[in-house]
Amino acid sequence: MTAKVKQSLGAIGIIAGLSALLVLLGILQWRWSNQIRTADLQRKQAALQAGVNGFREDFHRELAGICTNFAYRPPDQTPAIEDLYAQDCGDWARSSEHHELVANYYLWEKVKGEDYSFRQFDPQDESFKEVPCPARLGALCDTAHLLPAPGSRGGDFGFGGLRWRVEGAPLAMVRPIPRLGWRGFRNGDGRPPDFSPAGFMIVELDREAFQRLLQELSQRYFGGSDGPLYNVAILDGANPPNVIFHSQNAAAPELVSSPDESVHLFSSRRMRGYDQRQGSFREPGGVARREMFPPPPSSVPPPGRDLAARARSFLAAPILADASAAEWRLVVRHPGGSLAETAVVYWRRDLLLGFGVLLVLAASMALVLVWMLRIRRLAKMQMDFVAGVSHELRTPVSVISSAAENLADGVVAGGPQVKQYGALIRNEAQRLAGMIGQVLLFAATRSNQGQYQPQPVPVSETIDTAVADLSHLATANGFTVEKEIAPDLPPVLADPKALGRCLQNLMTNALKYGGDGRWMGIRAQAGAGPEADEVLITVQDRGEGIEADEIPHIFEPFYRGNAARSSQVHGTGLGLSLAKEAAEAMGGRLTVTSHVGEGSAFTLHFPAAK
């Protein structure tokens, strides 16, 4: 196995290994990012659920703070019940941090028989005064709406049921005030006990303060330093639902139809007392029956404690809600979509970013490989250049050395032979100087030391000078040189010496690779069409031509084509590179057209001097 094949296999192995590594990194990144997405979604869902529960608990805590402020004493004790509740209302207004949450206090108090008197708390003198019931309270103005149904055990106001109830429509809280002798068992004659209350305490909530409270809770549990993290709304049970509260200007349809999290603010099941409701359970062949749900252990203090303590204990019971508030739901949704959709969007973004990094890494590795191959090729061309230059230098040096020895040893006799040897030494010395000049010129162009002074240069004289300088080489190789220079050709804008070197390089290249055609043509003409402002100087040969895949590389330093290497044509591989760089440095360009078996044509394009 040759060294070249080994190097190729090594490069292929490196590329395959790096490609496999990139694919493995991509697969691992996809799996890890998917796991991170799942864990992050679960964390956000848990945090959202905790926020919803915290919102609900704080909402109940704020309402319970109002409820627990009011104490109770039997109506036959002094002072009067309205005075006791008036004192509680005043204490609440003076001491509570959220006193603005309450708009008004009202009291239904039984006066005679089954008649009730409606009173409103006056904060000026801290007393209840009899007033008409405001229409905005709606059903709360009708005591029949507040009293338990006849023959029942009191419903919400029965034994263990002295709880506050939220009325959604008027946005108020109401609680019955039990009368003296209230108890939870049947009378001696089997009749249900009289649970008619001594009155009702009504707390009307301020709607604006209520909205501010909800907004504060929304920011507390669903907000961040840069604004709300979620859209929050409270909806009722209507179809379609009405918006009680929304953290933004309006509730989006997606928030109502598909929230990320939803919870009822008030439990519909009564957790204390006997819960009587029409069930859907049917025995086989039977009819629907009422389900009786026994209460959990009662929190009512034992009879040994005073009645006021027993009444206060009822306030710790859960807050109920009427039909208008029982279906209030807290709904939460991410503003960018559902949590799952948002997680997928972020996952895709991170995945694309990660794959982008991998692509950049792959591109970097590809560039490194490309540069490595280019460096290897350049190193090989430099080695070929050193070998070629060494051979090229050795040939003229050997010829000069042999001619000098013959002259020194007296082998050469007579004038004609001396002239012949002198011409040989002169030609080889010029060839040697030309090669050294090319190497020095290439070094100067690499270090940006090449300086050109463009000026109007007559094309015909420059071509004649270049042909005369290489006439001995053309004659020695048996080449026919044809010149075709258009009349009245304008001068070109170029450096005279640099333009001459460019022509000599192109003509030398044509003489080297002209093949058996032994013909070289030099043509100069004005451009046409897009090239109307240019003068075109073409050097053409009838040699073997250049392969199509080699044309992009022939202007690279040290590059020599396969035909040049196989035919053992000596050269440095710098002529075309120097000609192209010099032409472009003077504002021109060098192009080539070639056909295998027909020859090549190199054209210098220079702007016409005006």
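Return the long-range amide H neighbours of E261 (sequence gap of 5 or more, or a different chain), with a cut-off of under 5 Å between placed amide H atoms.
Long-range HN contacts for E261: V332.
With each label point set 7 Å from Cα along the Cα-Cβ vector, what nm distance links D226 and Q453?
Distance between the two pseudo-spin positions: 6.4 nm.
Can you order the peptides 420-430, 227-237 by their average number of other Cβ atoms within 10 Å per residue, highest first?
Listed from highest to lowest mean packing, they are 227-237, 420-430.
Order 213-226, 163-176, 359-372 from most to least packed using the mean count of other Cβ atoms within 10 Å.
Result, highest mean Cβ count within 10 Å first: 163-176, 213-226, 359-372.
Work through the residues other than L28 whose Cβ is under 15 Å from its Cβ and net out their charges, Lys, Arg +1 and Asp, Glu -1.
+1
How big, on average over all directions, is the shadow cast by the Cα convex hull of region 390-429, in nm²?
2.5
How many nm is it between the label spots at T68 and L24, if each spot is 7 Å from the Cα in line with the beta carbon?
Reported label-point gap for T68 and L24 is 6.3 nm.
Determine the gain in length on full extension of the stretch E126-R589; use 0.36 nm per residue of separation and subtract their C-alpha separation, reporting nm with one decimal.
156.4 nm
Using the Kirkwood formula on the Cα atoms of region 443-541, what hydrodynamic radius do you get, in angstrom to one decimal?
Taking the inverse mean of 1/r over all distinct Cα pairs, region 443-541 comes out at 14.6 Å.
With each pseudo-label sitting 7 Å past Cα toward Cβ, what's the R31-A366 distance in nm, one decimal?
For R31 paired with A366, the spin-label model returns 2.7 nm.
Provide the gained length on full extension for the span D549 to V243, in nm with one decimal, where the gain is 0.36 nm per separating residue minus the Cα-Cα distance.
102.7 nm
Every read-out reported here was derived from the displayed coordinates using simple, explicitly stated rules and does not represent laboratory data. Given the structure is predicted, the values throughout are model-derived calculations rather than measurements. No Cβ is skipped: glycine too gets one built from the backbone with ideal geometry, and neighbour counts run over all protein chains shown.
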